[in-house]
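The values are calculated or read from the model by the stated rules, or taken from the named source; none is laboratory data. Just so it is clear, the structure is predicted and the values come from calculations on it, not from any experiment. Note: ideal-geometry Cβ built from the backbone for every residue, glycine included; neighbour counts use all protein chains shown. When the accessible area is computed, the model is the full protein with side chains, heavy atoms only, and any ligands, DNA or RNA have been set aside. Shrake-Rupley method; radii C 1.70, N 1.55, O 1.52, S 1.80 Å.
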Amino acid sequence: MTDNISQSTDQTSLDTQQQSLSPESKGEVRSVTHGPILEVNDLKKHYIDSTGIVDRIRSSTPGRVHAVDGVSFTVSRGDTVGIVGESGCGKSTLAETLVGLKKPTSGNATLFENDIHEWVDQNRKRFARNVQFVFQDPSSSLDPKMTIRELIREPLEVHNVGTRDHQNGLVEDTITKVGLSVDQLDRYSSELSGGQRQRVGIARAIVLEPQLLVLDEPTSALDVSVQAQILNLLKEIQEDLDLTTLIISHDISVIRYLCNKVLVMYLGKVAEMGTTENIFNNPSHPYTKTLLESVPKVGETDAKYDEVNPNIPSPRNPPDGCRFHTRCPVVIPPDDFEFEQNEWRAIFDYKLDLRSSKLTYKKIASMADQQGIEKNKANMMELVRDQYALKETLSDSAAQKILTESLTDLIEGETDSAYQTIAEVFQSPCEQKTPSSSAVTDDHEAFCHLN
């Protein structure tokens, strides 16, 4: 995914940028003359699996958590890009890597054509002047021993911005921008509400007028009534300061309200990206559609997302091919058979559970005992069919024969044979190959074999 989210950049702003990013003593910073200000290229961040010491000794190759696994995108000046996905999809790790808090395993990210992590290593102070981070929990990011005035003034002191009087003036201007009064500057964070503390965190981030602002779940720790206030505040700040912003959130409504571009992540990879209008009005990837359908709507009682397998794979062992294929309601069937989609999904779920040993003869026998059912071949086969909604007669007779052979092997205690019987013949393209980027429309890409 190398196409730009947006490539328009104001030349006047870039000339100003060139002056403001001159190096102090080391870590020379090059300026851009065109194109995006942030470029992320095949970025990966893996962690060594935190298994026990015995497991590590036994394993010749330590396991890895694939938190971010090959993400690429670009951001232009003035964009507000939302990164959305379920918990554990890697969006927070991506943000922390982009602001230099974590080093990538491979790939790179550049800000104004300067490698972010080289920049951080050479001149962290200069980097921090241009990139600021607003944390999810305002209580944990504010020193309780400092007054609000001291908290907001601290970044100015660290970066030697003006005299003390000038700093105090900037602090007072900034506190009013975030909707607090000057009278509150001499209070401590413990005397403020959660929403007020978040405003202080935002004030600390914007007082330096950074080139890039990154916010990690800026409203998730707040009451619903306060969330709306913070969202309106962020909207006003974006417009007033012309900020380039990355917003990490699992809340789709937050992304839709604040952002003009959206990046949808799943298990460390990008599923879909594009303008907010395209993503919300014309979603292409089944995972994006699942996210949108999961939002309750007034007057609707049918939950379409119930059709999606709720079992999220572990990032320690992500699936091959399209990572969403283990849950996708429209996974592509093999070319050699003619299935109805519900038939194929049922067979595919049966196959996946055989492969992962979630389905074995012992588990079926245990189910029979719990239900007080005689453990004969017909009853146990019926239990399996009921569990996976497997039809007794499939649309494709050849597929029916293969499935029956597999079920027979399973009931006879031959779980491995049951899996091997269907493993090679019931192969989906979705599990065989990683999908490449496909252009849905202008400014809209999806990583899905259906495209």
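Keeping every protein chain present and rolling a 1.4 Å probe, give me the accessible area per residue for the range 317-363 in Å². If you can, show how the numbers build up before the last one.
Working: 2150 Å² over 47 residues.
Per residue, the range 317-363 has 46 Å² of solvent-accessible surface.
Find the accessible area per residue for the range 381-451; the probe is 1.4 Å, ligands and nucleic acids are left out, and the unit is Å². Working shown, then result.
Details: 3620 Å² over 71 residues.
With the other protein chains kept in place, the range 381-451 gives 51 Å² per residue.
Give me the 1.4 Å probe accessible area per residue for the range 96-220, excluding ligands and nucleic acids, in Å². Mind dumping the intermediate values first?
Numbers: 5260 Å² over 125 residues.
The answer is 42 Å² per residue.
When N counts the residues of the chain, how does its alpha-carbon radius of gyration compare numerically with 2.2 N^0.38 Å, as a ratio? Write down the numbers at each step before the final one.
On the way: Rg = 26.4 Å, N = 451, 2.2 N^0.38 = 22.4 Å.
Working it through for the chain, the quotient is 1.18.
How far apart, in nm, are two points set 7 Å out from the Cα along the Cα-to-Cβ line at Ser395 and at Ala423?
Each label point is offset 7 Å from its Cα along the Cβ direction, giving 2.8 nm.
Given a 1.4 angstrom probe, I'd like the percentage of the accessible area of the chain that is carbon and sulfur, rounded to a whole number.
Details: 9560 of 21590 Å².
Percent of accessible area from carbon and sulfur atoms in the chain: 44.
For the pair Thr434 and Ile312, what calculated FRET efficiency results from E = 1/(1 + (r/R0)^6), where r is the Cβ-Cβ distance and R0 = 25 Å, to the nearest 0.05?
After rounding, the FRET efficiency stands at 0.85.
What FRET efficiency, computed as 1/(1 + (r/R0)^6) with R0 = 30 Å and r the Cβ-Cβ distance, is obtained for Glu340 and Ser220, rounded to the nearest 0.05? Please list the in-between numbers first.
Working: r = 40 Å, r/R0 = 1.35.
The calculated FRET efficiency here is 0.15.
For a 25 Å ceiling on Cα separation, which of these pairs sit above it: Lys351/Lys401; Lys44/Lys235; Lys102/Lys289; Lys91/Lys289? Don't skip to the end; give the middle numbers.
Details: Lys351/Lys401 15 Å; Lys44/Lys235 31 Å; Lys102/Lys289 31 Å; Lys91/Lys289 18 Å.
Over 25 Å Cα-Cα: Lys44/Lys235; Lys102/Lys289.
Could you pull out the GluC sites (Glu not before Pro) across the range 346-451 that fall in loop regions by DSSP (anything but H, G, I, E, B) with no more than 15 other Cβ atoms inside 10 Å?
Working: sites: Glu374, Glu382, Glu392, Glu405, Glu412, Glu414, Glu424, Glu431, Glu445; in loops: Glu374, Glu392, Glu412, Glu414, Glu424.
Listed in order of number, the matching sites are Glu374, Glu392, Glu412, Glu414, Glu424.
Tell me the mean residue ellipticity at 222 nm calculated for the chain from its helices only (DSSP H runs of n ≥ 4, each -39500 (n - 2.57), averaged over every residue, nearest 500).
Working: 17 runs with 181 residues, N = 451.
Taking each H run of at least 4 residues, the total per residue is -12000 deg cm²/dmol.
Can you give me the convex hull volume of the Cα atoms of the range 150-300, divided per residue and expressed in Å³?
On the way: hull volume 20.8 nm³, N = 151.
Considering the Cα atoms of the range 150-300, their hull volume per residue is 138 Å³.
For the chain, what's the relative contact order in percent, using C-alpha pairs closer than 8 Å and at least 6 residues apart? Numbers along the way, then the final one.
On the way: 765 pairs, mean separation 69.2, N = 451.
Worked out over the chain, it gives 15 percent.
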